[in-house]
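To start, the structure itself, in structure tokens.
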Amino acid sequence: MTKSKKVLFYASGIIITFLLFSIWYNYKYGMSKIAAFEINAPSYKQKLVIATQGSPFKNAITNNLVSHYRQDSIYMKIMNVEDLQKIDPENYNAVIVIHTWENLKPPVSVVDFFNKIGYQQNNIIVLTTSGQGNYKMQQVDALTGESRLDNVNDYTQQIIKKVNPLLSK
């Protein structure tokens with residue numbers, strides 16, 4: 001085998017290994033999509049959006065938030081984070097964005113959303129999770145942490161503490 005064929009063979013092997021690793025990583029750690037749903041009547045004065053990704057941690061927080069506010073006269077829209085562009089935060093008392101830092105960056109839909117609406121929104125609460133637990137968009141005031149199920153109640157309470165004053169306006 002000539003030297004150039006050996007180099008091509010090894011380079012192809014590295015590329016294939018990287019692609020297989022990427023597929024495995026996205027399968028193992030990637031976020032799933034959630035099905036959108038609504039609770040209570042859109043005609044209610046108080047309105048809340050929860051934009052999230054599917055994972056046991058994020059689902060548990062979302063379920064806690066929905067349970068907490070379900071009996072109140074609050075319209076809740078729960079949606080996938082990829083659909084953030086479809087909402088105008090000015091039409092809601094509070095917007096909760098729960099997303100994971102993936103591949104060293106936030107989801108494109110989250111970046112696009114903040115680029116569209118600006119970074120100084122008073123009614124948006126963001127929870128960013130990452131392996132290290134400290135990554136977040138620099139311009140966004142966000143809660144940060146690891147996706148550990150034993151932290152669900154703590155993060156739920158932190159979010160509620162930020163949402164309640166927005167709902168009382």
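The values are calculated or read from the model by the stated rules, or taken from the named source; none is laboratory data. Just so it is clear, the structure is predicted and the values come from calculations on it, not from any experiment. Here Cβ is always computed from backbone atoms with ideal geometry, including for glycine, and neighbour counts include all displayed protein chains.
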- [ ] Return the residue satisfying two criteria in turn: it lies in the stretch 48-92 and is farther than 21 Å from Gly133 by Cα and of a type in the set (Ser, Thr, Tyr), and of such residues it is farthest from the chain's Cα centre (by Cα).
- [x] Ser73
Open item on the list: Which residue is farthest from Ser32 (Cα to Cα), if the candidates are limited to the stretch 123-162 and must be loosely packed, with under 14 Cβ neighbours inside 10 Å and in contact (Cβ under 8 Å) with a residue 40 or more places away in the chain?
Closed with: Asn153
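Every residue, every condition in (1) aliphatic (A, V, I, L, M); (2) outside any helix (DSSP H, G or I); (3) at pLDDT 95 or above, yes or no:
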| site | (1), (2), (3) |
| --- | --- |
| Glu38 | no, yes, yes |
| Leu65 | yes, no, yes |
| Asp72 | no, yes, no |
| Glu82 | no, no, no |
| Glu90 | no, no, no |
Task: Meets criteria (in the same structural domain as Asn59 (by TED's automatic domain parsing) and modelled with pLDDT under 90) for Ser109 - done: no
Task: Pick from the stretch 100-109, criterion part of a strand (DSSP E or B) and in contact (Cβ under 8 Å) with a residue 40 or more places away in the chain, ranking: surrounded by the fewest Cβ atoms within 10 Å (Cβ to Cβ) - done: Glu102
Task: Tally, over the stretch 59-79, of residues that are surrounded by fewer than 18 Cβ atoms within 10 Å (Cβ to Cβ) and within 20 Å of Val152 (Cβ to Cβ) - done: 8
Open item on the list: For the stretch 69-116, give me each residue that is polar (S, T, N, Q) and under 23 Å from Asn164 (Cα atoms).
Closed with: Gln71, Ser73, Asn80, Asn91, Asn93
Task: Matching residues, the stretch 149-168, being under 17 Å from the mean Cα position of the chain (by Cα) and among the hydroxyl-bearing types (Ser, Thr, Tyr) - done: Tyr155, Thr156
TODO: Select from the stretch 92-103 the residues that are touching a Ser or Thr at 6+ places or on another chain (Cβ under 7 Å) and of a type outside the set (A, V, I, L, M, F, W, C) and write down the one among them that is modelled with the highest pLDDT.
DONE: His99
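Every residue, every condition in (1) part of a strand (DSSP E or B); (2) in the same structural domain as Lys77 (by TED's automatic domain parsing); (3) touching a Phe, Trp or Tyr at 6+ places or on another chain (Cβ under 8 Å), yes or no:
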{"position": "Ile98", "(1), (2), (3)": "yes, yes, no"}
{"position": "Asn115", "(1), (2), (3)": "no, yes, no"}
{"position": "Gln138", "(1), (2), (3)": "no, yes, no"}
{"position": "Leu143", "(1), (2), (3)": "yes, yes, yes"}
Task: Some residue of the stretch 47-58 being in contact with a strand residue (DSSP E or B) (Cβ under 6 Å, 6 or more places away or on another chain), at pLDDT 95 or above, farther than 21 Å from Val152 by Cβ and not in a loop (DSSP other than H, G, I, E, B) - done: yes
- [ ] Spot the failing condition for Glu82; the list is (1) acidic (Asp, Glu); (2) touching a helix residue (DSSP H, G or I) at 6+ places or on another chain (Cβ under 8 Å); (3) more than 19 Å from Ile34 (Cα to Cα), and only one is missed.
- [x] (3)
